[in-house]
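J.: Dropping the structure in here first, questions after.
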Amino acid sequence: MNQPREVLLTGAAGRIGTCLRESLPAYGYRLRCFDRLPVPGEPDAIVADLQDAAALAAAMDGVDAVVHLAGIPGEAPFGDILAANIEGTYRLYDAARAAGVPRIVHASSNHAVGFTERPADGSTVRVDTPQRPDTYYGLSKCFGENLASLYADRHGIETVSLRIGSFAPRPRSVRMLGTWLSPADCTRLVHAALTGPVAGHTVAYGISANTRAWWDLTSARALGYRPLDDAELFAADLIAELGELTAEDPEFRYLGGRFTQARP
Ligand code: 15L
């Protein structure tokens, strides 16, 4: 598709939002920022909740695409997840439908499949593995993916759901040697998701070109994503400091790592 110009960025004040605010304009995007909290350095940002229908409709006006990052980024009581992630994402999609926005890049998470056991042979997990949420948070990401599928089939909105691994400046754990997404690769991935060929709803994992990758990047590469970073650069130091993961460790057994043990 032609590169979108006007892009609504929800969750613009968050960690990934901050990275994208700094990096996406160089790719030619004009960002319209939306967040519940003031967005540092963005006096024109729309500071509102996703439940605010009027603010959301105004935010969508004239937009070519949405990058939807807003929401609670980890486990929380179900009521909070319901309001912020489930209902919030529904409201976002319905406002996009009403405004005729053709494409959404939806921040899903690896925790949509977090209770999947890691393959014993060390192979990567594909996007067509069944959803297996590890938390209410992961469940909300499954909802978002399924909502995107419905809005693609019913209304023709294209979505790329990015099952983001571990976004961080550098890997901080042995798990992250497989799950790391560097800031520069995150920008490359979102750019690919905004511009790459999509039929309806597509799911892609979001990690760097990690030698020890846990997830298969075929669908991300089909969008044009070419990751350049590799957590392996940090492997020797991290393993010397923390030791290898053992089979009993939840960080070893399940894709979602410690999230499988989280209780709100
Ligand atoms: C996520 O989805 C979280 O938002 C983030 O904080 C990390 O915990 C990440 O997953 C991860 O799995 O490392």
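The values are calculated or read from the model by the stated rules, or taken from the named source; none is laboratory data. Fair warning: this is a prediction, and the values are worked out from it, not measured in the lab. Every residue, glycine as well, gets a Cβ built from its backbone with ideal geometry; the counts of neighbours run over all protein chains shown. For the accessible areas, the whole protein counts, side chains as well, though only heavy atoms, and no ligand, DNA or RNA atoms are used. Shrake-Rupley method; radii C 1.70, N 1.55, O 1.52, S 1.80 Å.
J.: For the structure I just gave you, tell me whether Arg91 is open to solvent by 20 Å² or more (accessible area, probe 1.4 Å) and of a type in the set (Lys, Arg).
T.: Working: open to solvent by 20 Å² or more (accessible area, probe 1.4 Å): yes; of a type in the set (Lys, Arg): yes.
Yes: the conditions hold for Arg91.
J.: Please state which of the following conditions Gln131 fails to meet, knowing it meets all the rest: (1) open to solvent by 10 Å² or more (accessible area, probe 1.4 Å); (2) out of contact with any Gly (no Cβ under 6 Å at 6 or more places or on another chain); (3) within 16 Å of the ligand (Cβ to nearest atom); (4) under 28 Å from Ala235 (Cα atoms).
T.: Single failed check for Gln131: (4).
J.: Among the listed residues Pro77, Pro102, which satisfies the condition of being touching a Pro at 6+ places or on another chain (Cβ under 9 Å), open to solvent by 50 Å² or more (accessible area, probe 1.4 Å) and closer than 18 Å to Ser149 by Cβ? Give the steps one after another, and end with the answer.
T.: Values: Pro77 fails: closer than 18 Å to Ser149 by Cβ.
It is Pro102.
J.: Quick check: anything in segment 145-168 out of contact with any Pro (no Cβ under 8 Å at 6 or more places or on another chain) and aromatic (Phe, Trp, Tyr)?
T.: yes
J.: How do the strands (runs of 3 or more DSSP E) wholly within segment 1-85 filter down when requiring 1 or more residues that are more than 27 Å from Gly138 (Cβ to Cβ): which remain?
T.: Details: elements: 6-10, 30-35, 65-68.
In segment 1-85, 6-10, 30-35 are the strands (runs of 3 or more DSSP E) which contain 1 or more residues that are more than 27 Å from Gly138 (Cβ to Cβ).
J.: Here's a follow-up. Of Arg5, Arg36, Arg30, which residue is in contact (Cβ under 8 Å) with a residue 40 or more places away in the chain and either open to solvent by 30 Å² or more (accessible area, probe 1.4 Å) or not aliphatic (A, V, I, L, M) (or both)?
T.: Arg5
J.: Say whether the condition of being more than 16 Å from the ligand (Cβ to nearest atom), in a strand (DSSP E or B) and modelled with pLDDT of 95 or more is met by at least one residue in segment 159-181.
T.: First, the residues of segment 159-181 that are more than 16 Å from the ligand (Cβ to nearest atom): 159-160.
When the remaining residues are screened for being in a strand (DSSP E or B), the result is 159-160.
Adding the requirement that they be modelled with pLDDT of 95 or more leaves 159-160.
Yes, segment 159-181 contains a residue that is more than 16 Å from the ligand (Cβ to nearest atom), in a strand (DSSP E or B) and modelled with pLDDT of 95 or more.
J.: Sticking with this structure for a sec: Need pairs with beta-carbon distance below 6 Å; first residue at positive phi and within segment 58-72, second part of a strand (DSSP E or B) and surrounded by fewer than 24 Cβ atoms within 10 Å (Cβ to Cβ); sequence gap 6+ or separate chains.
T.: These pairs meet every condition: Gly62/Glu6.
J.: Go through the residues of segment 134-142 one by one and say whether even a single one is away from the ligand (no atom under 13 Å from the Cβ) and either buried (at least 19 other Cβ atoms within 10 Å of the Cβ) or assigned to a loop (DSSP other than H, G, I, E, B) (or both).
T.: Here is the first cut: in segment 134-142, the residues away from the ligand (no atom under 13 Å from the Cβ) are none.
No, segment 134-142 contains no residue that is away from the ligand (no atom under 13 Å from the Cβ) and either buried (at least 19 other Cβ atoms within 10 Å of the Cβ) or assigned to a loop (DSSP other than H, G, I, E, B) (or both).
J.: I'd like to know if segment 218-225 contains one or more residues that are open to solvent by 20 Å² or more (accessible area, probe 1.4 Å), assigned to a helix (DSSP H, G or I) and in contact with a helix residue (DSSP H, G or I) (Cβ under 6 Å, 6 or more places away or on another chain).
T.: No: segment 218-225 contains no residue that is open to solvent by 20 Å² or more (accessible area, probe 1.4 Å), assigned to a helix (DSSP H, G or I) and in contact with a helix residue (DSSP H, G or I) (Cβ under 6 Å, 6 or more places away or on another chain).
J.: Quick one: how many residues across segment 90-116 are more than 16 Å from the ligand (Cβ to nearest atom), in contact with a helix residue (DSSP H, G or I) (Cβ under 8 Å, 6 or more places away or on another chain) and in a helix (DSSP H, G or I)? Spell out how you get there, then give the answer.
T.: Filtering segment 90-116 down to residues more than 16 Å from the ligand (Cβ to nearest atom) leaves 90-104.
Filter once more, so that each one left must be in contact with a helix residue (DSSP H, G or I) (Cβ under 8 Å, 6 or more places away or on another chain): 90-93, 95-99, 101, 103-104.
Going one step further and asking which of them are in a helix (DSSP H, G or I), we end up with 90-93, 95-99.
Qualifying residue count for the region: 9.
J.: Further question: I'd like the full set of residues that are within 17 Å of Pro25 (Cβ to Cβ) and of a type outside the set (Lys, Arg), limited to segment 169-191. Quick ask: steps written out before the conclusion?
T.: Taking segment 169-191 first, the residues within 17 Å of Pro25 (Cβ to Cβ) are 183-184, 186-191.
Passing the criteria: Pro183, Ala184, Cys186, Thr187, Leu189, Val190, His191.
J.: Within segment 237-257, work out how many residues are closer than 29 Å to Ala184 by Cβ, open to solvent by 80 Å² or more (accessible area, probe 1.4 Å) and either away from the ligand (no atom under 16 Å from the Cβ) or touching a helix residue (DSSP H, G or I) at 6+ places or on another chain (Cβ under 6 Å) (or both). Break it down into steps so the answer makes sense when it comes.
T.: Going through segment 237-257, the residues closer than 29 Å to Ala184 by Cβ turn out to be 237-245, 251-252, 254-257.
With the extra rule that they be open to solvent by 80 Å² or more (accessible area, probe 1.4 Å), the set shrinks to 237, 240-242, 244.
Checking the rest, the ones that are also either away from the ligand (no atom under 16 Å from the Cβ) or touching a helix residue (DSSP H, G or I) at 6+ places or on another chain (Cβ under 6 Å) (or both) come to 237, 240-241, 244.
Counting residues in segment 237-257 that are closer than 29 Å to Ala184 by Cβ, open to solvent by 80 Å² or more (accessible area, probe 1.4 Å) and either away from the ligand (no atom under 16 Å from the Cβ) or touching a helix residue (DSSP H, G or I) at 6+ places or on another chain (Cβ under 6 Å) (or both) gives 4.
J.: Can I ask one more? For residues that are within 18 Å of the chain's Cα centre (by Cα) and not charged (D, E, K, R), scanning just segment 72-81, find the one that is nearest to the ligand (Cβ to nearest atom).
T.: Within segment 72-81, the first condition is being within 18 Å of the chain's Cα centre (by Cα), and the residues that meet it are 72-76, 81.
Restricting the remaining residues to those that are not charged (D, E, K, R) gives 72-74, 76, 81.
On the way: Ile72: 9, Pro73: 4, Gly74: 5, Ala76: 11, Ile81: 12 Å.
Filtering first and then ranking leaves Pro73.
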